[in-house]
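Below: the structure, in structure tokens.
The values are calculated or read from the model by the stated rules, or taken from the named source; none is laboratory data. A quick note: this is a predicted structure, and the numbers were derived from the prediction, not measured. Don't worry about glycine lacking a Cβ; one is built from the backbone with ideal geometry, like all the others, and counts go over all protein chains shown. For the accessible areas, the whole protein counts, side chains as well, though only heavy atoms, and no ligand, DNA or RNA atoms are used. Shrake-Rupley method; radii C 1.70, N 1.55, O 1.52, S 1.80 Å.
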Amino acid sequence: MNRSAFSLILCVSLSCNAGSVRALEPRVDYITKVFADGAYRPQVYLEADVIKRYGKGAEKVDQIGLVRRVYRDATSGREVVITSNPDVAPEFRTVDEIRVSSLSSGKGNAGTVEGVGAIALNGVRIGGPAAAVQKIASQAAAKESVQDRLGGVVVDRTCIFLEGGSSNCYFLREGKVVALAVGFGP
């Protein structure tokens with residue numbers, strides 16, 4: 001076999017292999033990534049990309065006008081709520097908050113998400129003790145604790161505000177963490 005024929009076969013083989021590797025690369029798992037990072041780094045997600053990845057979910061507009069897309073993790077049964085602000089044109093709309101909760105609003109079979117049963121936010125997991133959140137909050141420079149409603153029940157929400165505008169929120173009920181959220185602002 002001559003040298004140019006061998007080179008051509010080698011190039012074609014490498015091109016095929018490179019295409020296969022690219023096709024096997026996993027897509028971005030937005031939910032797991034944002035909780036592992038503990039903030040939106042290096043940038044926030046576009047709502048259009050999230051919809052492309054997970055579908056539209058069960059969409060509703062809440063009392064303050066935010067769009068909430070509700071999904072469910074079939075494995076853990078946890079509810080995932082992805083919130084965005086409809087004041088921005090859809091192609092530029094970003095995700096304001098991603099929340100994972102063990103409490104369910106009863107909606108959200110229209111989209112599927114990756115398994116979120118093992119996510120943690122700064123080492124705190126759903127089902128973990130409230131004391132872990134209190135320890136993190138005691139070290140935070142900027143924080144807020146208020147009562148909120150989640151899944152039809154009253155919970156205590158503690159948010160820690162990070163430099164750059166991100167927030168980490170922990171939802172507590174009866175001494176346990178029932179939900180985690182990463183977002184912007186309160």
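Of note:
- Qualifying residue in region 121-136 (condition: of a type in the set (Gly, Ala, Ser), open to solvent by 50 Å² or more (accessible area, probe 1.4 Å) and over 21 Å from Glu79 (Cβ atoms)): yes
- All told, Gly115 falls short of being on the phi > 0 side of the Ramachandran plot, assigned to a loop (DSSP other than H, G, I, E, B) and of a type outside the set (Val, Ile, Thr).
- Hits in region 166-186 - residues which are open to solvent by less than 40 Å² (accessible area, probe 1.4 Å) and small (Gly, Ala, Ser): Ser166, Ser167, Ala179, Ala181, Gly183, Gly185
- Flag for Glu97 being in a loop (DSSP other than H, G, I, E, B), in contact (Cβ under 8 Å) with a residue 60 or more places away in the chain and open to solvent by less than 50 Å² (accessible area, probe 1.4 Å): no
- Test: residue in region 145-166 that is closer than 15 Å to Ile31 by Cβ, of a type in the set (Gly, Ala, Ser) and touching a Phe, Trp or Tyr at 6+ places or on another chain (Cβ under 6 Å): no
- Search result, residues across region 148-176 that are of a type in the set (Gly, Ala, Ser) and either out of contact with any helix residue (DSSP H, G or I) (no Cβ under 6 Å at 6 or more places or on another chain) or not in a loop (DSSP other than H, G, I, E, B) (or both): Gly151, Gly152, Gly164, Gly165, Ser166, Ser167
- Candidates Glu144, Glu97, Glu114, Glu174 - the one that is modelled with pLDDT under 85 and not hydrophobic (A, V, I, L, M, F, W, C): Glu114
- Among residues of region 38-52, those that are at pLDDT below 75 and open to solvent by less than 50 Å² (accessible area, probe 1.4 Å), counted: 4
- Among (1) of a type in the set (A, V, I, L, M); (2) at pLDDT below 90; (3) farther than 18 Å from Cys159 by Cβ - the single one Val67 does not satisfy: (2)
- Hits in region 137-157 - residues which are more than 26 Å from Tyr71 (Cβ to Cβ) and open to solvent by 70 Å² or more (accessible area, probe 1.4 Å): Ser138, Gln139, Ala141, Lys143, Ser145
- Some residue of region 53-75 being surrounded by 15 or more Cβ atoms within 10 Å (Cβ to Cβ), under 19 Å from Ser166 (Cβ atoms) and touching a residue at least 60 places away in the same chain (Cβ under 8 Å): no
- Condition check for Ile31 on (1) over 20 Å from Ile119 (Cα atoms); (2) assigned to a helix (DSSP H, G or I); (3) at pLDDT 75 or above: one failure, at (1).
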